[in-house]
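Student: Take this structure, written in structure tokens, and hold onto it; I'll ask about it next.
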Amino acid sequence: MNRITLRYLTHEDKDEFFAAFHEDWENNFDFVHYWETLANREFEKYVSIAPEFARGIHIPKEHVAAALLFAFNEDGRIVGRTSIRFELNDHLLKVGGHIGYGVCPNFRRQGYATQILAESLNYVRANIKGLKKVLVTCDEGNIGSEKTIRNNGGQLENVIEVNGVKKMRFWVEL
């Protein structure tokens, strides 16, 4: 299995980014946070401002600082992405957690989700001091995500209903 690397996009990633962006994503999945709102669908602008989101720059007031990193396999292909939030607000405490990840549809069922979450946890350990555990959530019935979270040490705390959707809330000890 290929190993993945999490990193910010560079200008050289443009073709690969658009290939991943135009895959057949679920309607309710936001592959690229702030793509339309802050970057105005401009790749070069996104590349330049995305690293600043981790410092809380440019993001809406009700959002939290987050590292928005892309997962590249050994062949240089974007296989997914992760959103690593530096803190939780009320919404993230229920729905999104500290880490939200997605695997490109063409790369699913190849173990990438488990690797993306594992590398996201490594990022948290190295870059977010003071956290002893992180929250990762998924919809009840999403067996792939549940397995991914459990494979990375996730312990189910509870299942809550948010807007008619049951959310499983897992804590991962760091």
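The numbers here are math on the coordinates, done by the rules we state, and not lab data. From a predicted model like this one, the values you see are computed outputs, not experimental measurements. As a convention, Cβ positions derive from the backbone with ideal geometry for all residues, glycine included, and neighbour counts pool all protein chains shown.
Student: Give me the lysines in straight-line cross-link reach of Lys147: C-alpha distance below 19 Å, same-chain residues under 8 apart excluded.
Tutor: Counting by Cα, and skipping residues close in sequence, Lys147 has these lysines nearby: Lys133, Lys166, Lys167.
Student: Tell me which lysines have Cα within less than 17 Å of Lys45's Cα, excluding those fewer than 8 residues away on the same chain?
Tutor: Of all the lysines, those that pass the test against Lys45 - Cα under 17 Å, at least 8 places apart if same chain - are Lys14.
Student: Give me the base-10 log of I(q)/I(0) for the chain at each q in 0.08, 0.14, 0.20 Å⁻¹, Debye formula, one uniform scatterer per Cα, rounded to two decimals.
Tutor: Computed log10 I(q)/I(0) values: -0.23, -0.73, -1.56.
Student: Here's a follow-up. Could you give the dipole magnitude of the chain about its Cα centre, charging the beta-carbon of Lys and Arg +1 and that of Asp and Glu -1, in debye to the nearest 20?
Tutor: 660 debye
Student: For region 1-75, what does the alpha-carbon gyration tensor say about shape, rounded, prolate or oblate, given a ≥ b ≥ c as the root eigenvalues, a/c under 1.5 as rounded, and a/b over b/c as prolate?
Tutor: prolate
Student: Same structure, new question: Test of understanding: ordering Asp24, Asp139, Asp13 by Cβ neighbours within 10 Å, fewest first, what list do you get?
Tutor: Asp24, Asp139, Asp13
Student: Does region 102-164 classify as rounded, prolate or oblate by the C-alpha gyration tensor (a ≥ b ≥ c root eigenvalues; a/c under 1.5 gives rounded; else a/b over b/c gives prolate, otherwise oblate)?
Tutor: oblate
Student: Let me ask something additional. If you take the charge dipole of region 5-129 about its Cα centre, with +1 on Lys and Arg Cβ and -1 on Asp and Glu Cβ, which of Phe21, His58, Ser48 is farthest toward its positive end?
Tutor: So the residue we want is His58.
Student: Something else: List the aspartates and glutamates whose Cα sits under 14 Å from the Cα of Lys132, skipping any in the same chain fewer than 8 residues away.
Tutor: Glu87, Glu173
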